[in-house]
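Data block below; observations after.
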């Protein structure tokens, strides 16, 4: 029995994973607003203890703990060097958890954990070369070659969201111009929806936004699409083009057995997948949606001991 | 003792490679104008026999033959499926050479051979993760991860020249829009030189071109640069920017130990390398120029047996 911790920019999910890689119990909590390591780990530790309580499985039954963190990680020293939306800065994540639970603790970044989860127990179980693309605020990547996660120097490989696709485009938070995530992340999609809705507030998508008190998220577009909104259709088509440009780049670089799409909007399933496959065109690389969904990061983290 | 064959779009180079990976003898011939497999292999075979003659080493001393081919290769069946500038189309390259020389014959694509050569006996000898970038008519790539060349499905990995960097750019021969090679290949550089020289024929670079009877190649720009040409300086700066965009993309994807730049204009050495490093900025990935130059493909092909 193992613990997998999936730390995100605004929340953390913790799961108890059995030897068949099933998430038996899971719990989660908000982490937004945390200002220090100790505030953050107070929340994380509480989640783990909560898990022990609801599962009636005690700490001495746990073989190891794995944690996936966003941002830049130093695997040798067990640190999160820095993380965009969290207070972590050279934070000794591994030693903090080891001290609390007296277990062997494994660390990797969140996209690598998701890839490792899908490879060990999800849609990518039968493949040897796979790229996981996580669509969220940014675009993350986990690269699996010959059954191994590729870390690169300083664990910096997989920054596929920062492949420049538009040399005359917008500046990205990373400093480069026209990164893929500036046009194909969920944030980019949300920004486009907001700007279109300002132009045509009386469209179906405008009404969807109004019904949500002006709130726009990754689901907004898909809700409007299902109601037959023409404006939403146009936005979606442009988005698919931008998404497919980057997916095709990855195919040209790796020609992997499989590309797995994860992250929030991957929950739209075939609504996203089928037109994406069509936009990519005929190709030997299979394109699939994450089959573990929210649990990919938890399972991957719990299985980091196998790396 | 092994034979390495480096087949290019317009010429072929053949070398005799000893057990310390030195090219003892080499020979080459033009292949442009060949219309069939048999015309092409008549030239290649002649080169090999010529090598036996000048080296006074006979075929029975040869352990194996390796051949690197441009285009799309089917390694399992030993075929070149198709090749842009050569008549090869589902050509049974391996069986043609086996039949002629009665040796074990190994095949891979040209950029993979160059990468394999640099890894085994060139600048990348001490590294485990390396990307070879060959700058020529197009931009080729050889990807080495954990000491292994990455082939991808249908041996199609490494098409780094077709990473789209300019979604609003020019159409590439491959059909996509704004591929890296449309802005950073030697062909792109030559086109830019031609168009600038038309605008400012009385510039230094204009004179360099006039002295060469209007002929422009990869060296033209560098000759003008050395003579202090302002126009050449501007062209070079733009080119470096385009080159560095793609190099940074590769760093973001792989964060490899090393990137090795090969192909014709890599012979410019520090004139190209130092400003490229500056354009890329501080980075843990080493950027180097091929140390085997013209012999990288020959050595890599001869060493394919080690893969």
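Here, each number is a calculation from the coordinates, and none is a lab measurement. Note that the structure is predicted; figures quoted are calculated from it, not measured. Here Cβ is always computed from backbone atoms with ideal geometry, including for glycine, and neighbour counts include all displayed protein chains.
Tabulated results
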{"quantity": "Region A:49-99: C-alpha gyration tensor shape, a/c 1.5 cut-off, then a/b vs b/c", "calculated": "prolate"}
{"quantity": "P(r) tail fraction, the protein assembly as shown - alpha-carbon pairs more than 43 Å apart, %", "calculated": "29"}
{"quantity": "Acute angle (nearest 10 degrees) that the helix A:230-254 long axis makes with the longest principal axis of chain A, alpha-carbon atoms", "calculated": "60"}
{"quantity": "Estimated 222 nm signal from helices in the protein assembly as shown, with DSSP H stretches of n ≥ 4 weighted -39500 (n - 2.57), rounded to 500", "calculated": "-12000 deg cm²/dmol"}
{"quantity": "Sequence-separation-based contact order of chain B, relative, with Cα cut under 8 Å and 6+ spacing, percent", "calculated": "21"}
{"quantity": "Exposure proxy ranking, count of Cβ atoms within 10 Å, fewest first, for B:220, B:27, B:134", "calculated": "B:27, B:220, B:134"}
{"quantity": "Shortest-first nm distances, residue B:32 label point to equivalent points in other copies (7 Å, Cα→Cβ)", "calculated": "6.3"}
{"quantity": "Square roots of 5 times each gyration tensor eigenvalue, C-alpha, region B:116-177, largest first, Å", "calculated": "26, 13, 9"}
{"quantity": "Taking A:227, B:192 and counting other C-beta atoms within 10 Å, the order from fewest to most", "calculated": "A:227, B:192"}
{"quantity": "GNM flexibility winner over chain A from A:259, A:143, A:57 (Cα, springs under 10 Å)", "calculated": "A:57"}
{"quantity": "Whole-angstrom gap from region A:230-298 to region B:2-29, using each part's C-alpha centre", "calculated": "43"}
{"quantity": "Copy-to-copy label separations for residue B:175, where each label sits 7 Å from Cα toward Cβ, in nm and ascending", "calculated": "3.8"}
{"quantity": "Using alpha-carbon coordinates, inclination of helix A:186-199 to the longest axis of chain A, degrees", "calculated": "30"}
{"quantity": "Ratio Rg/Rh, restricted to chain B and using Cα atoms, in which Rh is the Kirkwood radius", "calculated": "0.98"}
{"quantity": "Helix axis angle, B:37-55 relative to chain B longest principal axis, alpha carbon, degrees", "calculated": "80"}
{"quantity": "Förster-model FRET efficiency, 25 Å R0, residue A:76 and residue A:147, C-beta, rounded to 0.05", "calculated": "0.70"}
{"quantity": "Theoretical FRET efficiency, 1/(1+(r/R0)^6), r = Cβ-Cβ of residue A:102 and residue B:305, R0 45 Å, to 0.05", "calculated": "0.30"}
{"quantity": "Interatomic Cα distance distribution for region B:232-307, bins of 10 angstrom, percent", "calculated": "17, 45, 29, 8, 1"}
{"quantity": "Theoretical FRET efficiency, 1/(1+(r/R0)^6), r = Cβ-Cβ of residue B:237 and residue B:267, R0 25 Å, to 0.05", "calculated": "0.80"}
{"quantity": "Neighbour-count order for A:147, A:110, fewest beta carbons within 10 angstrom listed first", "calculated": "A:147, A:110"}
{"quantity": "Over region A:126-290, volume per residue of the alpha carbon convex hull, in Å³", "calculated": "117"}
{"quantity": "Relative contact order (%) - criterion: Cα under 8 Å, at least six apart; region: region B:127-290", "calculated": "23"}
{"quantity": "Distances in nm from residue A:202 to the matching label points in the other copies, shortest first (labels 7 Å along Cα to Cβ)", "calculated": "6.3"}
